[in-house]
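First comes the structure, then the notes that go with it.
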Amino acid sequence: MAEISVILPVYNTSKYLHACLSSLLNQTFHDFEIVAINDGSTDDSLSILQDFANKDSRIRIIDQKNQGIGAARNLGIQLANGTYIAFIDSDDTLELRMLECLYKKAVEESLDIVVCDYIEYEETSKKEEQIALPTFETCSLLQMPQLLFEINSSPWNKLYRTALWKEHGIEFPVSLKYEDAYAVLLCLVKAKRIGKVNEPLM
């Protein structure tokens, strides 16, 4: 069983998928699986996934009719075997130390969630902006309730203990516009220990 399950929903992102998968498979941390859900792509995304899976057994591909990113992530949670879960969007690229840094922090401090800074890339202007979340010591929202508003509600710059999702039955709503915010904020509320790596890792 892998220590980390990386959940990767894919829908018509063949333009970015090669770079995304390369940044995952070249991580300095190796004990992970990729649960790739091809959500009814009509471009070459499935073919790209299959090419990578033929070369690396850590990739599991689930091919389904289009149901939306929330449903794809929920399926990934159900299939995850890892102690921890990471959500990656298929147009993202990761720093090669991302999984190693987040995993080390999570294990050393027994965290339910660990977050990191990140870099936003504006494709039209070709500009990058580093987004630095507030620095904080390991805590819960009971100790620092302001973190509910200071930590971004996107799922992808975080590592979660898998049990946090499965034991509390947390899922991404499939009919809400901002389904990721609901699920991530609920995880933050339920987490007993939240920590941060002060480094942009994606």
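The values are calculated or read from the model by the stated rules, or taken from the named source; none is laboratory data. Note that the coordinates shown come from a computational prediction; the quantities given were computed from them, not determined experimentally. Note that we place each Cβ from the backbone using ideal geometry, even for glycine, and neighbour counts take in every protein chain shown. The protein model used for the area step is the full one, side chains on, heavy atoms only, and it has no ligands, DNA or RNA in it. Shrake-Rupley method; radii C 1.70, N 1.55, O 1.52, S 1.80 Å.
Considering region 154-173 alone, what residues qualify as being modelled with pLDDT under 95 and of a type in the set (S, T, N, Q)? None - no residue of region 154-173 is modelled with pLDDT under 95 and of a type in the set (S, T, N, Q), so the list stays empty.
If you check Ile77, Ile62, which single one turns out to be open to solvent by less than 70 Å² (accessible area, probe 1.4 Å) and either part of a loop (DSSP other than H, G, I, E, B) or more than 27 Å from Glu150 (Cα to Cα) (or both)? Reasoning before the result, please.
Values: Ile77 fails: either part of a loop (DSSP other than H, G, I, E, B) or more than 27 Å from Glu150 (Cα to Cα) (or both).
That would be Ile62, the only listed residue that is open to solvent by less than 70 Å² (accessible area, probe 1.4 Å) and either part of a loop (DSSP other than H, G, I, E, B) or more than 27 Å from Glu150 (Cα to Cα) (or both).
Of the residues that make up region 181-193, is at least one assigned to a loop (DSSP other than H, G, I, E, B), open to solvent by 40 Å² or more (accessible area, probe 1.4 Å) and at positive phi? For region 181-193, residues assigned to a loop (DSSP other than H, G, I, E, B), open to solvent by 40 Å² or more (accessible area, probe 1.4 Å) and at positive phi: absent.
The set of residues in region 4-50 being among the aliphatic types (A, V, I, L, M) and touching a Cys at 6+ places or on another chain (Cβ under 8 Å) consists of Leu8 alone. Quick one: how many residues across region 102-127 are more than 23 Å from Val189 (Cβ to Cβ) and either part of a strand (DSSP E or B) or touching a Leu at 6+ places or on another chain (Cβ under 6 Å) (or both)? Qualifying residue count, region 102-127: 5.
So is Lys158 basic (Lys, Arg) and either without any contact (Cβ under 8 Å) to a residue 24 or more places away in the chain or crowded, with 17+ Cβ neighbours inside 10 Å (or both) or not? Considered against the rule, which asks whether it is basic (Lys, Arg) and either without any contact (Cβ under 8 Å) to a residue 24 or more places away in the chain or crowded, with 17+ Cβ neighbours inside 10 Å (or both), Lys158 comes out as yes. Pairs are defined by a Cβ separation below 9 Å, a sequence spacing of at least 6 or placement on different chains, a first member in region 5-31 that is free of Cβ contacts under 8 Å to residues at least 24 places away in the same chain, and a second member that is crowded, with 24+ Cβ neighbours inside 10 Å; the pairs so defined are His30/Leu99.
Given the criterion hydroxyl-bearing (Ser, Thr, Tyr), in contact (Cβ under 8 Å) with a residue 60 or more places away in the chain and in contact with a Cys (Cβ under 6 Å, 6 or more places away or on another chain), identify the matching residue among Ser90, Ser110. Before the answer, list the steps.
Details: Ser110 fails: in contact with a Cys (Cβ under 6 Å, 6 or more places away or on another chain).
The conditions single out Ser90.
One residue alone among Ala19, Ala36, Ala2, Ala71 is surrounded by fewer than 16 Cβ atoms within 10 Å (Cβ to Cβ), aliphatic (A, V, I, L, M) and within 18 Å of the chain's Cα centre (by Cα), and that residue is Ala19. Every condition in (1) among the aromatic types (Phe, Trp, Tyr); (2) more than 16 Å from Asn74 (Cβ to Cβ); (3) assigned to a helix (DSSP H, G or I); (4) under 18 Å from the mean Cα position of the chain (by Cα) holds for Trp165 except the one numbered (2). Only residues that are among the hydrophobic types (A, V, I, L, M, F, W, C), farther than 16 Å from Ile85 by Cβ and touching a residue at least 60 places away in the same chain (Cβ under 8 Å) were counted across region 174-197, and they come to 3.
Is it the case that Glu171 is among the acidic types (Asp, Glu) and open to solvent by 30 Å² or more (accessible area, probe 1.4 Å)? Steps first, please.
Numbers: among the acidic types (Asp, Glu): yes; open to solvent by 30 Å² or more (accessible area, probe 1.4 Å): yes.
Yes.
Could you pull out the residue among Ser90, Ser153 that is more than 23 Å from Asn26 (Cα to Cα), of a type in the set (Ser, Thr, Tyr), open to solvent by less than 80 Å² (accessible area, probe 1.4 Å) and not in a strand (DSSP E or B)? Before the answer, list the steps.
Values: Ser90 fails: more than 23 Å from Asn26 (Cα to Cα).
When all the criteria are applied, what remains is Ser153.
Does at least one position in region 127-142 carry a residue that is closer than 18 Å to Phe87 by Cα and without any contact (Cβ under 8 Å) to a residue 12 or more places away in the chain? No: zero hits.
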